[in-house]
Structures are given as C-alpha cells and as structure tokens.
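Here's the structure, in structure tokens; my notes come after.
The values are calculated or read from the model by the stated rules, or taken from the named source; none is laboratory data. Every value quoted in this text rests on a predicted model; they were computed, and no experiment measured them. A quick note on method: Cβ atoms are made from the backbone with ideal geometry, for glycine too, and the neighbour counts reach across all protein chains shown. Please note that ligands, DNA and RNA were not included when accessible areas were found on the heavy atoms of the full protein model with its side chains. Shrake-Rupley method; radii C 1.70, N 1.55, O 1.52, S 1.80 Å.
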Amino acid sequence: RRRRAPWLLPIWLWSIIGWMLIYLPTVINRRFANAWGIAIALIAAQGLIFLCRKISFWPIRLSLAMAVLATLTVGSGLNVTFNWMSAPATLGDRKSYVETSLVQMIETIKSVSTPSDVFLTNNTEVSWLIPAFSGRLVFVGHKHQTIDYNRKRQQADEFFSAQSTMDKYAFLLSQGIDYILVEEDIGWFSGAEYLQLVTANDVVKLYRVVSK
C-alpha cells in the first residue's frame, strides 16, 4: 500500500497532528489549520476510491457517488446561503470600503513619518490599515500577526482609558510609540503636554508624541 500511495502516511500524520496544533494555547493556533482541509479531503477521496473498488455492483457504486456529490453540493450551498443572509446583521453599519477621510489621513501619515515610526490607535480595524497602506509599524495590530497580542491589547486599552492610573507618558516612551491616531475625541488628550496635534479631519485625529 505504501509503495502504491507513498503520500498516504504523511497525509494521515498531518490530519492527526493538526488536531493537536489547533488546540495549542497560543494566539496563532488558527494559522496551523491553514490547508488542513487538503489532508482531510485527500483521505476522504482515498476512502471513496477504496469503497468504489470494493463495490462491484454498479448501481450501488453510482448511488454512493451521487450521495457524495449531493452532500458536497448541499453543504456548500447552505454555507454560502447562510453567510449571504447573515452578513448584513454581522457587519451592521460597517462599510466594505475605506472612508475617504481615512485614506487621506493614511497618505498624511506617509508624508509626516518615517518607516521606523510606531503608531498606536484606538480602533482595531484602523490598526490593520496603517501597515497595509502606509508601510508604518503599529504597537498592536492584527491578533495573529502581533507578538504578545493579549498584553499589548490590554495596555492599549488602559492607555486610552481616562480612569487608568498608568503612567502614560512613560508607557509611550518605553514602547517606542511615536504617533497616536484616534477616531473620536479622547478627553484627557487636551491636557497631555506630550501629545501634539499634527492634523485632523472629520473622522480621525493624528497626534505626535513629543518630549515634556
């Protein structure tokens, strides 16, 4: 069997190890499931071929093939239909495009900063856009692409909170944060002498971290 299908053993091992990888206590474990479906599909195909070879009566073989085809078609169809129907409720009022004001701000970011500058923002989705469209660094970005994400997310939330007792200036210095981009007015920003307003529009405001 191994001589006829040398790929089968590695595929079996891949399918088994995959279960262990996705349950690792890390923030990137979902990435270990990438392409896992290939292994499962190949094993399923091998099993189907095996059954078809064992069944000599062609009507039963045809019925088996039709049942598999129907299962795949119905399953995929239900998945597409469910996602299509639930998308409006899931997205709410979020847009599927980037607002013009935000695009303009990202262009400004590229002109006033350097590639080594680090940005902090109070909007998770904006933190994804900054590296993608400006090439600048962010303190906390996409969950699966940020080292020690949980700690950084907690620190960012604490920084923006008006009730926090954090030494916020010391935090910015220790983390090497150079700019802060916010979507709404943060009340305590006006009294922070180390935050200098660079520019603002109807959607976001950009602050530079300066020395006291």
Of (1) over 26 Å from VAL98 (Cα atoms); (2) in contact with a strand residue (DSSP E or B) (Cβ under 7 Å, 6 or more places away or on another chain); (3) among the charged types (D, E, K, R), LYS212 satisfies all except one. Which? (2)
Among the residues of region 9-34, count how many are modelled with pLDDT of 75 or more and either at positive phi or in a helix (DSSP H, G or I) (or both). 14
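Filter region 191-205 down to the residues that are of a type outside the set (Gly, Ala, Ser), open to solvent by 30 Å² or more (accessible area, probe 1.4 Å) and closer than 23 Å to GLU107 by Cβ, then identify the one that is nearest to the chain's Cα centre (by Cα). Before you say what the answer is, go through the steps one by one.
Filtering region 191-205 for residues of a type outside the set (Gly, Ala, Ser) gives 193-199, 201-205.
If we keep only those that are open to solvent by 30 Å² or more (accessible area, probe 1.4 Å) too, we end up with 193, 196-199, 201-202, 205.
The next check asks that each one be closer than 23 Å to GLU107 by Cβ; those that pass are 196-199, 201-202, 205.
Values: GLN196: 31, LEU197: 30, VAL198: 29, THR199: 29, ASN201: 27, ASP202: 27, LYS205: 24 Å.
My answer is LYS205.
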The lone exception for THR124 - which of (1) modelled with pLDDT of 90 or more; (2) surrounded by fewer than 14 Cβ atoms within 10 Å (Cβ to Cβ); (3) within 30 Å of ALA33 (Cβ to Cβ) it fails: (1)
Residues of region 142-152 that turn out to be part of a helix (DSSP H, G or I) and touching a Ser or Thr at 6+ places or on another chain (Cβ under 8 Å), as a count: 1
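With respect to LEU102, is the statement that it is in a helix (DSSP H, G or I), open to solvent by less than 40 Å² (accessible area, probe 1.4 Å), of a type outside the set (Gly, Ala, Ser) and over 30 Å from PRO25 (Cβ atoms) true? It would help to see each step written out before you state the result.
On the way: in a helix (DSSP H, G or I): yes; open to solvent by less than 40 Å² (accessible area, probe 1.4 Å): yes; of a type outside the set (Gly, Ala, Ser): yes; over 30 Å from PRO25 (Cβ atoms): yes.
Considered against the rule, which asks whether it is in a helix (DSSP H, G or I), open to solvent by less than 40 Å² (accessible area, probe 1.4 Å), of a type outside the set (Gly, Ala, Ser) and over 30 Å from PRO25 (Cβ atoms), LEU102 comes out as yes.
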Give the residue that is nearest to ILE130 (Cα to Cα), with candidates limited to residues of region 161-190 that are open to solvent by 30 Å² or more (accessible area, probe 1.4 Å) and not in a loop (DSSP other than H, G, I, E, B). GLN175
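Considering each of LEU42, LEU64, LEU78 in turn, give the residue that is open to solvent by less than 60 Å² (accessible area, probe 1.4 Å), at pLDDT 80 or above and either over 19 Å from GLY141 (Cα atoms) or part of a helix (DSSP H, G or I) (or both).
On the way: LEU42 fails: open to solvent by less than 60 Å² (accessible area, probe 1.4 Å); LEU78 fails: open to solvent by less than 60 Å² (accessible area, probe 1.4 Å).
LEU64 is the lone residue from the list that is open to solvent by less than 60 Å² (accessible area, probe 1.4 Å), at pLDDT 80 or above and either over 19 Å from GLY141 (Cα atoms) or part of a helix (DSSP H, G or I) (or both).
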Pick from region 16-39 the residues that are open to solvent by 60 Å² or more (accessible area, probe 1.4 Å) and more than 24 Å from TYR149 (Cα to Cα): which of them is nearest to the chain's Cα centre (by Cα)? ILE38
